[in-house]
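Participant: Before we start, here is the structure in question, set down as structure tokens.
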Amino acid sequence: MNSDPPAPPPGQDQGGWNQPPQQYGQYQQGPQPYQQPPGPQGSRTPGVAVAALVCGILALLLSWVPIIGLVAFPLGIAAVVTGVIGLRKSKEPGYGGRGLAIGGLVTGVLGLVIALLIAAVFVNVLNDPDTQDLIEDVLESATISPS
């Protein structure tokens, strides 16, 4: 009985055994260092989608404050415009960010609607005759009369 392992079929590598010795001066390359695997393809996010979401969130937050809410109008418009551009860009091959663009579009529209409603209520309250009388009374009592 032969205890030697069977010989590989002809033409296959024998895993380094029975290889001719390496000549002096030849460089044998060792294992390659670890490299970061390439990321998933097609996941680039357009910057306009991110800008839409940022502008939309700011418009939504600022829309609740009566005077400062005026800043929400241009931010909301910017969010809607950049959201539409981001949606169109996300349909191109190799781009993502569709959810960011939709989020910016929705928050921008909500910010615009809330700012418009708050501004309308604020103007109605200021134009009410009872409110105008109250403001005049407060201003009269706050003025210092010369003695």
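Participant: Using Cβ counts within 10 Å as a stand-in for footprinting exposure, how do Val50, Val123 rank, fewest first?
Facilitator: Lowest count first: Val123, Val50.
Participant: Expressed in nm to one decimal, what extension gain is obtained for the pair Arg88 and Thr143 from 0.36 nm per residue of sequence separation less their Cα-Cα distance?
Facilitator: 14.0 nm
Participant: Treating only the Cα positions of the stretch 47-136 as identical point scatterers, give the base-10 log of I(q)/I(0) from the Debye formula at each q in 0.11, 0.13, 0.14, 0.26 Å⁻¹.
Facilitator: Debye curve over Cα of the stretch 47-136, log10 I(q)/I(0) at q = 0.11, 0.13, 0.14, 0.26 Å⁻¹: -0.37, -0.46, -0.51, -1.04.
Participant: Tell me the label-point distance for the pair Arg98, Leu117, using the 7 Å Cα-to-Cβ offset, in nm and rounded to one decimal.
Facilitator: 3.0 nm
Participant: Could you tell me the calculated FRET efficiency between Leu110 and Val50, based on Cβ-Cβ distance and R0 = 22 angstrom, to the nearest 0.05?
Facilitator: So, using R0 = 22 Å, E works out to roughly 0.75.
Participant: So if I place +1 on the C-beta of Lys and Arg and -1 on the C-beta of Asp and Glu, and nothing else carries charge, what would the dipole magnitude of the stretch 47-136 be about its Cα centre? I want it in debye, nearest 20.
Facilitator: With only Lys, Arg, Asp and Glu charged at Cβ, the dipole is about 860 debye.
All of the numbers you see were taken from the coordinates with simple rules; none came from a lab. Everything quoted here is computed from the prediction, not taken from an experiment. When we count neighbours, we look across all protein chains shown, and the Cβ atoms used for this are built from the backbone with ideal geometry, even at glycine.
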